[in-house]
Structure formats: C-alpha cells, structure tokens
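Worksheet: one structure, shown below.
The values are calculated or read from the model by the stated rules, or taken from the named source; none is laboratory data. Remember, predicted model here, so these are calculated numbers, not experimental data. Don't worry about glycine lacking a Cβ; one is built from the backbone with ideal geometry, like all the others, and counts go over all protein chains shown. Only protein heavy atoms, including side chains, enter the accessible area calculation; ligands, DNA and RNA are left aside. Shrake-Rupley method; radii C 1.70, N 1.55, O 1.52, S 1.80 Å.
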Amino acid sequence: MERPAAAPYDPAEHARAETRLTIASPEQMRELGRRLAKLLRAGDLVMLSGELGAGKTTLTRGLGEGLGVRGAVTSPTFVIARVHPSLGDGPPLVHVDAYRLGGGLDEMEDLDLDVSLSDSVIVVEWGEGKVEELTDDRLQLVIHRAVGDTTDEVRQVILTGLGARWAEAGLETLTA
C-alpha cells in the first residue's frame, strides 16, 4: 500500500509573531482591547491568561467596545460563556471563562465553540490546555502583574500570534 504524499511544509502555518507591551493602567488595558479589535475578524480565537486581577476582563471589555457589540462585557465566570451580538456588520464576540473547567476541549464541547468560531471572535480566559485544538491560528495574550499586597497597576503583556493568520496581522502596530 502506497503512503499518501505529505503536504508541503508551509512556514507560514508555523509562524509566530510576538509583541510585548507595558500597560500602566486599567484604562490603557481597555484601550489596548479597542486597538486590538481593529485587527480581529470572524474566525479569530484569542486566549487570555494571567493572574487573578491581571486585566483579562478589562481587555475584553475594550475588545467589545472596539468590535461594537451589544451588552456590557463582564466576567462570565459563573455562566462560563456569554455571546455579545454585533450592533453593526462586524462579528459577534463570544467571551468564555474556562477557569472552572478542568478538562480539555472535550469538557468545552457543550459550548459549541467550534461551531461559533467561523463567524465570531472567540475570547477565552484561562483557556490554556483547553481550546488550542479549535484552530492552529490563534492569538495568545499573557498578562503579567505584580502579585501580593500591591497597588501597582503596571502590566506586562505578551501577545503571541500563532499560525498563518497572525504572521502578517500587524501586531507590531499595537506598540505605537
């Protein structure tokens, strides 16, 4: 039996684009979300990680404003997921908090994220090890902040675009 020919290697499929930012306030985090929304389109998966209070929901609030979606973007911790329909012709925002979900994609199947992905922007907080199988093209944001008893509002944000979608998406424009 003859083996099927392997697909040719496409370096863009394995591309990584990385941008690092320093954010000094919650308003700057929200503004980052508004600016990032300009780069997003239907079919995009955005994974957010960081300590409690790092600014994941604040950033998502800015994404919602930038995408022009309906409803106040709040943490979906207890409902797991919220859908915010577009008020215009843009994609809806699906905001997921996977903090309380222990398993991988199997446990998240009831959310039908794979069905929603093609026509929505999906943002998943705490999604590491849970949603990567949805697509090879995803944007991962890691938000670092000082921990402990501190009033330090400064955050270090690392944006990593994975896959062909993010190879030329313009993440570097977010530093301007």
Check your understanding: Of Pro92, Pro76, which residue is modelled with pLDDT of 90 or more, farther than 21 Å from Ala17 by Cα and not acidic (Asp, Glu)?
Key -> Pro92
Exercise for review: Check whether at least one residue in segment 37-58 is surrounded by fewer than 15 Cβ atoms within 10 Å (Cβ to Cβ), modelled with pLDDT under 65 and not polar (S, T, N, Q), and report yes or no.
Suggested key: no
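Yes or no, residue by residue, for (1) open to solvent by 40 Å² or more (accessible area, probe 1.4 Å); (2) at pLDDT 80 or above; (3) touching a helix residue (DSSP H, G or I) at 6+ places or on another chain (Cβ under 9 Å):
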{"position": "Glu65", "(1), (2), (3)": "yes, yes, yes"}
{"position": "Leu111", "(1), (2), (3)": "yes, no, no"}
{"position": "Ser116", "(1), (2), (3)": "no, no, no"}
{"position": "Val121", "(1), (2), (3)": "no, yes, yes"}
{"position": "Asp137", "(1), (2), (3)": "yes, yes, yes"}
{"position": "Arg145", "(1), (2), (3)": "yes, yes, no"}
Revision key, fill the gap. Checked pairs for segment 47-67, first in contact (Cβ under 8 Å) with a residue 60 or more places away in the chain, second of a type in the set (Gly, Ala, Ser) and in a helix (DSSP H, G or I), C-beta under 7 Å and 6 or more apart or across chains, list as Leu59/Gly33; Thr60/Gly33; Leu63/Gly33; Leu63/Ala37
Practice item. Quick one: count up the residues across segment 153-168 that are open to solvent by 70 Å² or more (accessible area, probe 1.4 Å) and closer than 17 Å to Thr58 by Cβ. Key: 2
